[in-house]
Amino acid sequence: MRPRRAFLVSTAILALVPSLLPAQGVPDYEQPPISYSATAPRDAITALRQRIASGELAFAGSEQRILQSVLDALNVPVWSQMLVFSRTSLQRGRIRPERPRALYFSDSVYVGWVPGGLIEVAAVDPQLGPVFYSVDLRSLREGHAKIERDADCMRCHGGTFVRDIPGLFARSVFPDATGEPLGRHGTVTVDDETPFGDRWGGWYVTGYHGNETHRGNVIASERGDQLVFTPDAQRPDELSSYFPTSDYLRTTSDAVALLVFEHQMAMQNSLTRAGLAARKMIAYQKGLQTAFKEPLSDEPVYESVKSVFASTVQDVLDHLLFRQAAPLPDGLVGHPELRRDFVNDAPRTASGHSLKDLLLKQRLFAQRCSYLIYSESFRQLPETLKQRILDRLHDVLQSRDPDPRYAYLPTEERQRIYDILKETHPDARARWADAAPSASIASQ
């Protein structure tokens with residue numbers, strides 16, 4: 001775009017496309033074309049409500065039995081149980097070290113529960129990202145399900161701890177004897193780039209037998225203004241020595257589940273950010289094209305739109321390929337049920353490889369390409385963006401002169417990832433059908 005045209009475009013926005021201007025104080029995701037809170041989601045809770053309304057599902061029994069029934073209805077495995085005792089959620093008043101909050105997750109649904117409290121659900125909508133709900137257990141038992149979209153969650157999940165998207169996150173804190181974070185000593189928003197030693201403050205951890213320390217399983221205190229904190233020397237496989245576990249569905253809070261959870265949240269946030277940014281920029285471009293009586297296009301035309309697409313592609317690819325993932329120590333064991341069932345639904349090649357295969361030595365997965373590439377969040381990205389991601393991924397995996405940005409991926413691993421996706425991913429197979437090995441491309 002020539003400088004004169006760029007100037008005309010920028011000055012014309014106010015006069016010709018006022019609907020594209022951000023409303024002061026209103027997050028981008030609450031404005032068109034996203035309109036997050038005003039848009040009816042299509043997610044797992046939508047389907048659950050329909051099954052309850054039709055009489056297909058009914059709930060009875062104890063809190064634990066109802067929770068198990070909800071998890072079953074949402075296809076969320078109980079082996080994913082993680083327990084957090086820091087007061088860092090909607091139900092913070094109910095949480096304490098002897099009564100932690102339980103969390104469970106699948107590829108697209110996250111469920112939280114505290115004994116005596118609500119069930120909280122974050123269900124991923126492919127267009128909107130995670131949508132947050134509260135579920136009243138008593139109403140389920142009494143047959144008039146009270147499942148509400150919870151706007152309060154967005155105070156933290158809509159910008160405070162993520163970059164201005166509806167997002168997922170976990171925190172590592174120094175909790176006192178009540179579970180209250182000792183805030184002046186710092187907090188870490190955890191993802192798969194977080195050093196191992198900084199993880200899991202305020203969480204219970206089982207299934208790790210290694211020598212490296214982490215922050216889990218420990219209560220902190222202060223002496224004056226100094227933090228008193230000694231990493232736990234125990235390496236438990238169950239938690240009955242820390243608190244009464246009989247109220248929970250499992251006695252574990254598995255380290256491997258925690259690591260998968262942390263990767264998955266970071267990857268989902270990247271996909272949510274990518275989808276929202278692309279849809280916003282396409283709408284922006286079409287608004288200008290309409291104002292200037294130009295042909296409408298989903299392909300990036302203006303330099304500003306191209307720039308956003310390029311940076312978005314790079315961010316998604318970096319997360320897909322674990323570019324800055326922190327190394328992991330030896331000693332990660334994981335519960336046998338988790339190791340067996342986590343890979344059950346994985347698309348697998350005829351030679352036996354999948355993107356969910358666990359390694360648990362220096363890194364989490366045998367193949368460093370996220371299995372969320374199969375998710376609906378990826379599959380339903382705007383087509384122009386998805387094609388660019390797949391093209392860039394093909395270049396990384398098949399270039400004769402690999403991009404230095406991804407030099408940590410050895411040739412044989414890049415080839416395995418390529419073969420897995422070419423055989424099991426419909427979009428990759430279609431996009432790469434006639435593609436030849438690429439020449440070197442510059443890192444963006």
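Here are some notes:
- Applying the criteria of a DSSP loop state and at most 13 other Cβ atoms within 10 Å to the GluC sites (Glu not before Pro) of the range 88-184 yields Glu98, Glu142.
- Charge dipole (Cα centre; +1 on Lys/Arg Cβ, -1 on Asp/Glu Cβ; no other charges) of the chain amounts to roughly 760 debye.
- Those residues of the range 76-103 whose amide nitrogen sits under 16 Å from the label point placed on Gln68, 7 Å along Cα→Cβ: 76-81
- Enclosed volume per residue, in Å³, of the convex hull spanned by Cα atoms of the chain: 177 Å³
- Inter-label distance, nm, simple model (7 Å from Cα along the C-beta direction), Glu98/Arg51: 3.7 nm
- Full extension of the chain between Glu413 and Asp330 yields a length gain of 27.8 nm, computed as 0.36 nm times the residue separation minus the alpha carbon distance.
- With the highest mean first, a sort of the peptides 196-202, 310-316 on other beta-carbon atoms found within 10 angstrom per residue produces 196-202, 310-316.
- Integer Hz, Karplus 6.51/-1.76/1.60 couplings in order for the range 370-378, x for Gly and Pro: 5, 5, 6, 5, 8, 5, 5, 4, 6
- Per-q log10 I(q)/I(0), the range 259-318, q = 0.20, 0.25, 0.28 Å⁻¹ (Debye; single scatterer per alpha-carbon; no solvent): -0.73, -0.96, -1.09
- Membrane-span-like helices in the chain, defined here as complete DSSP H runs extending at least 24 Å along the helix axis by their C-alpha atoms with mean Kyte-Doolittle hydropathy no lower than -1.0, are 255-291, 303-320; this is a sequence and geometry rule, not a statement about a membrane.
- Long-range HN-HN contacts of Phe174 with modeled amide H, under 5 Å: Leu182
- Contour minus Cα-Cα distance for Glu303 and Arg42 (0.36 nm per residue): 90.6 nm
- For the pair Ala177 and Ala346, label points projected 7 Å from Cα toward Cβ lie 4.5 nm apart.
- Applying 1/(1 + (r/R0)^6) with r as the Cβ-Cβ distance of Lys361 and Asp152 and R0 = 51 angstrom yields a FRET efficiency of 0.80.
- 5 angstrom amide H check on Asp125, placed H, neighbours 5+ away: Val131
- Here the gap between Thr230 and Phe292, fully extended at 0.36 nm per residue and compared with their Cα-Cα distance, gives a gain of 15.9 nm.
- Considering only Tyr406, Ile389, Ser354, and ranking their Cα positions along the charge dipole of the range 332-422 that arises from unit charges at the beta-carbon of Lys, Arg, Asp and Glu, the one farthest toward the positive end is Tyr406.
- Selection of trypsin sites (Lys or Arg not before Pro), the range 150-186, meeting DSSP coil and at most 14 other Cβ within 10 Å: Arg163
- Averaged per residue, the range 21-62 has 62 square angstrom of accessible surface, using a 1.4 angstrom probe with ligands and nucleic acids left out.
- Under the combined filter of DSSP loop state and at most 15 neighbouring Cβ atoms within 10 Å, the range 347-444 retains these chymotrypsin sites (Phe, Trp or Tyr not before Pro): Tyr408.
- The relative contact order of the range 67-153 comes to 18 percent, based on Cα pairs under 8 Å that sit 6 or more residues apart.
- By the equivalent-ellipsoid construction on the alpha carbon gyration tensor, the range 185-256 comes out with semi-axes of 22, 16, 12 Å, ordered largest to smallest.
- Amide H contacts of Val228 (H built 1.01 Å from N, under 5 Å, at least 5 apart or other chain): Ser221, Glu222, Arg223
- The chain, relative contact order [Cα under 8 Å, separation at least 6], %: 13 percent
The values are calculated or read from the model by the stated rules, or taken from the named source; none is laboratory data. Keep in mind the model is a prediction, meaning the values are calculated, not measured. Because the Cβ atoms are built from the backbone with ideal geometry, glycine has one as well, and the counts that use them run over all protein chains shown. Just so you know, the surface numbers come from the protein's heavy atoms only, side chains and all, with ligands and any DNA or RNA stripped out. Shrake-Rupley method; radii C 1.70, N 1.55, O 1.52, S 1.80 Å.
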